[in-house]
1. Using alpha-carbon positions, what is the distance between the centroids of region 1-43 and region 422-445, in Å?
2. Hey, what's the Kirkwood Rh for region 223-289 if you take every pair of different alpha carbons, in angstrom?
3. Can you give me the C-alpha center-to-center distance between region 297-351 and region 501-522, rounded to a whole angstrom?
4. With angles folded into 0 to 90 degrees, how steeply does helix 358-375 sit against the dominant principal axis of the chain? Use alpha carbons for both and round to 10.
5. What distance in nm separates the two pseudo spin-label positions at residue 150 and residue 184, each 7 Å out from Cα along the beta-carbon direction?
6. What list do you get for 36, 388 if you sort them by fewest beta carbons within 10 Å?
7. Cβ neighbours within 10 Å, averaged per peptide: list 508-516, 165-173, 428-436 in order, most packed at the top.
8. Could you list 415, 402 in order of exposure, starting from the residue whose Cβ has the fewest other Cβ atoms within 10 Å?
């Protein structure tokens, strides 16, 4: 059989960066699955993506399906033949369904019983005749969020601007949302132009000529190489956060790394504040010296070439300056408030309508913390653990955490130290959120671990008490992560308390608060099973 390459490209308005990689993989997987189901042999598969395109290139696709020769089993002989030896309706229906005739039937014994069989031959269709089904693959793709545009009925991640479907030199004809397939692609918005893809194998090279790096892995490596060059040139350390790198890589089609500077006075802000401001709002990488100290520089990635980088740098500096000025203002304003004033505001913040306010949750966590400290005979740490539990949520009403929710705990530690709290209490405020994710550590200190356990078991107990239990992929309150944290802490600390005892501590008092809406023993059993 002869072979051809198959190219499929979907041109779109800019995709959200967090959707790009998964969408590229979905398209590649769906195309490979379709080829396999259709018995069309193929070679290697390359997937491509940028903010404006998803593409897949399949090498060495056979020009027709494989011919299929297979044996089909029908009814038993006693059913296939009537009493007079004629073919029964069952036998005739069997061969008709296989596209054969009664003359093709033969009998074959299986486990002592003879069955009617036929050998059928299915001639493979030409691949080109089947490829229009790729339309259904594209329109059937799923995304976290969809949209409609103009008068189109199709719901898709972003409006489709162009489509390429090539089988060798030939265009595979179909259309989606009034966009017809062709061989014209689009280059970089400002540096490139439209281009014609003559052959699928020329796809990546043709896009390079139009300032598009279509291979995300190569694009990512270019960014890393340029960052490394900048490190060597300046003597800096540029920590590369993998999630940020992934996002930046999916925001650009032709990356150029550059750096900028901000005022030294902003270094008085906590490092977490500076890094979060740069990362979350501006998608910048921080810069450190050889000793790990944060410097008044940032690194970013431009979607373009290296012309006029000084102007681009100044524009980025101006935007970051405004962000950091806001952060500095928030930091100063937050310090004017006392912890006791912040705690009063928790009374008016509803944690969950059936569970109560944040203040009520804090009171429950404090009670569980005390009971847990007694159960573990932690006499020396009990007082500090109770203080931690009582104030652990005060930073949630700060300007800084309102602006950057991911700084909860971090800012609690900073502000607690500034307000004269013991350093053990301040550290435990941060630690009680640990482990924050699958790769995070458990709270290092005993105080932090006790409060973290109390916090997590109260969360689990409260939601299970009102019947909110994760099912399948639905876990809106991240209860699996909370339960995993409980197990991790117990496994790490090796405390003399069982999971059953901990569950009892968590459920104690919920009934008197009106939270327990189910049978107590049933809730215990569900929690332990979970």
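1. Each part reduced to its Cα centre gives a spacing of 44 Å.
2. Evaluated on region 223-289, it is 12.8 Å.
3. What the calculation gives is 42 Å, centre to centre.
4. 80
5. So the label points at residue 150 and residue 184 sit 1.4 nm apart.
6. 36, 388
7. 428-436, 165-173, 508-516
8. Values: 415 25, 402 13.
The most exposed by this proxy come first: 402, 415.
Here, each number is a calculation from the coordinates, and none is a lab measurement. Everything numeric here is computed off the predicted structure, so don't read it as measured data. Reconstructed Cβ throughout: ideal geometry from the backbone, glycine too, with neighbour counts over all protein chains shown.
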